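One structure is given below, encoded as structure tokens.
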Amino acid sequence: MFRLGLVIALIGGLLSVGLSRERVKQRYTPVGDYHLDVAALAVLVLGLLVSAVDHLQSERSIDALKSKTDYSEVARLNMQSKPFPDGDIAFNSPLSRMMDGTYKLDGNTLTFYRTAQAEAQLRKVIANYPEFPFAHYGLALCLRDRGDRDWRAEIEHAKQIFQITTSIPGHQPDHDDALKRINQIIER
């Protein structure tokens, strides 16, 4: 498509410099230089527009791919910010250590604390790991429970990240569950 636009623009350019101008004027006698100039300019602009649109679409595709790449690591982390649940082997990372104390784990059920301390800790997590969606989700719940109107913006931000992470192959199922819960919360 990009090359087609360039070819169209080239044809418009050739018309304007007169390579086929005399032939057109001989064949179509009412057509003058003014008409040919307008036609050449229109063809040139059309070609450039076709190329520009194709270029813009390519840029958007690259941006979408880049955003998936930016979130591919966190897509593989569960709500505890770990690649697998703790069992015989425990996983610790700076992110998982920061998330400690922000949630309660009861069997397979994780519940975010809604305290001032948990809110402060989640804000620290977000400052250091802004791409980790569960911190945004937990913060939104804290804000909602204390009546802060900013909870909606925070939950929308979490939703945007989850929409990206759930589109990445191999993501943790926790992301699907969280996105489903967020959609239910937003619908209320």
For this session: Taking LYS82 as the residue in question, decide whether it is in contact with a helix residue (DSSP H, G or I) (Cβ under 6 Å, 6 or more places away or on another chain) and part of a loop (DSSP other than H, G, I, E, B).
Result: yes
Exercise. Between a first residue in the stretch 49-61 that is closer than 13 Å to ARG3 by Cα and a second residue that is of a type outside the set (A, V, I, L, M, F, W, C), which pairs have beta carbons less than 7 Å apart while being 6 or more apart in sequence or on different chains?
Worked result: VAL50/GLY5; SER51/GLY5; ASP54/GLY5
Problem set entry | Which numbered condition GLU156 misses (of (1) in contact with a helix residue (DSSP H, G or I) (Cβ under 7 Å, 6 or more places away or on another chain); (2) of a type outside the set (Phe, Trp, Tyr); (3) modelled with pLDDT of 95 or more) | (1)
Exercise. If you scan the stretch 88-106, which residues turn out to be assigned by TED's automatic domain parsing to the domain that holds LYS180 and either acidic (Asp, Glu) or within 17 Å of ALA178 (Cα to Cα) (or both)?
Worked result: MET99, ASP100, THR102, TYR103, LYS104, LEU105, ASP106
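Using the structure shown, decide if ALA52 is surrounded by 12 or more Cβ atoms within 10 Å (Cβ to Cβ), more than 30 Å from LYS159 (Cβ to Cβ) and at pLDDT 70 or above. So that I can check it myself, show each step before the final result.
Values: surrounded by 12 or more Cβ atoms within 10 Å (Cβ to Cβ): yes; more than 30 Å from LYS159 (Cβ to Cβ): yes; at pLDDT 70 or above: yes.
Taking the combined requirement at face value, the residue satisfies it.
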Exercise. Does the stretch 108-130 hold any residues that are buried (at least 17 other Cβ atoms within 10 Å of the Cβ) and within 17 Å of ILE161 (Cβ to Cβ), and which are they?
Worked result: PHE112, LEU122, VAL125, ILE126, TYR129
Seminar exercise, completed: Reported set for the stretch 158-170 where residues are more than 11 Å from the chain's Cα centre (by Cα) and of a type outside the set (S, T, N, Q) is ALA158, LYS159, ILE168, PRO169, GLY170
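The values are calculated or read from the model by the stated rules, or taken from the named source; none is laboratory data. Predicted model only: the values in this text are computed from it and were never measured. Heads up, the Cβs are rebuilt from the backbone with ideal geometry, glycines too, and the neighbour counts pull from every protein chain shown.
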